[in-house]
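Some notes on the structure that comes next.
Any read-out appearing in this document is the output of simple, stated calculations on the displayed coordinates, not a laboratory observation. Just so it is clear, the model here is predicted, and its values are computed rather than measured. Neighbour counts are summed over all protein chains in view; Cβ atoms, including those assigned to glycine, are modelled from backbone coordinates with ideal geometry.
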Amino acid sequence: MEARREAGTDVWSRFYVNGLGYNSDLMDATIRRAVLADAPRLQRLINDYAGKGQMLPRSRQALYEHVRDYLVAVADGIVVGCVALHVSWEDLAEIRSLAVAEQSQGSGIGAALVRAALEDAQELGVRTVFALTFVEGFFLSLGFRPVDKSELPHKIWQECVHCIHFPDCDEMALTLDLTA
Ligand SMILES: CC(C)(COP(=O)(O)OP(=O)(O)OC[C@H]1O[C@@H](n2cnc3c(N)ncnc32)[C@H](O)[C@@H]1OP(=O)(O)O)[C@@H](O)C(=O)NCCC(=O)NCCS
């Protein structure tokens, strides 16, 4: 991956191209790290989908505590998407809280957010990134591969008890090997 940050800033260029074949022409947003002031917007974005059972809800407190995990996509000055990279173990991290506002979907923003999170993961020394998701096709298009849930450490299921789908969950587990 060759996601570039603009010199002297913490912003990824909208024109980056990386080894996973991202088509930058589709995206019209800038990706930057979240700041505390983004929390209300993040909460609305995430919890709207959580209300439909598509992802886990996030409290304002959790967003503040984990703000450094989050990246946001901004278009015309508005946060239109977010993703979190949560480190689970010495070599393992999870893509969480991935959401793109409905009116901004289908423009490559979701893919760009995940790619930026993967760039972060590589810088941290993470070897494997995983996602638990209902949008398997989205992650497959980014090079993730399905895995049996039993291959992931038990520790990662702690959050599941908070989910409306627990214990009859049909989320897929997918991983991406960053060392390949
Ligand atoms: C899933 C989501 C983040 C995708 O964001 P997006 O900006 O619309 O996605 P992109 O435009 O970057 O799409 C990238 C690729 O994934 C594919 N894709 C997008 N959504 C998909 C879906 N729901 N199922 C299968 N494939 C999907 C696109 O067709 C595209 O493929 P291509 O590169 O071959 O053209 C967005 O639909 C969303 O926020 N959904 C609701 C919340 C949710 O389900 N979050 C995931 C929790 S793990």
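Sort 97-103, 173-179, 62-68, 162-168 by packing, meaning the average of other beta carbons within 10 Å per residue, with the highest value first.
97-103, 173-179, 62-68, 162-168
Neighbour counts of other C-beta atoms within 10 Å: give me Met172, Met55 arranged from fewest to most.
Final ranking by Cβ density, sparse to dense: Met172, Met55.
Does segment 11-126 come out rounded, prolate or oblate, given a ≥ b ≥ c as the square roots of the eigenvalues of its C-alpha gyration tensor, rounded meaning a/c under 1.5 and, failing that, prolate meaning a/b above b/c?
Oblate shape, in that a/c is at least 1.5 and b/c is the bigger or equal ratio.
Looking at the square roots a ≥ b ≥ c of the eigenvalues of the Cα gyration tensor of segment 28-79, which shape do they give, rounded for a/c under 1.5, prolate if a/b is larger than b/c, or oblate?
Taking the square roots of the gyration eigenvalues as a ≥ b ≥ c, segment 28-79 is oblate.
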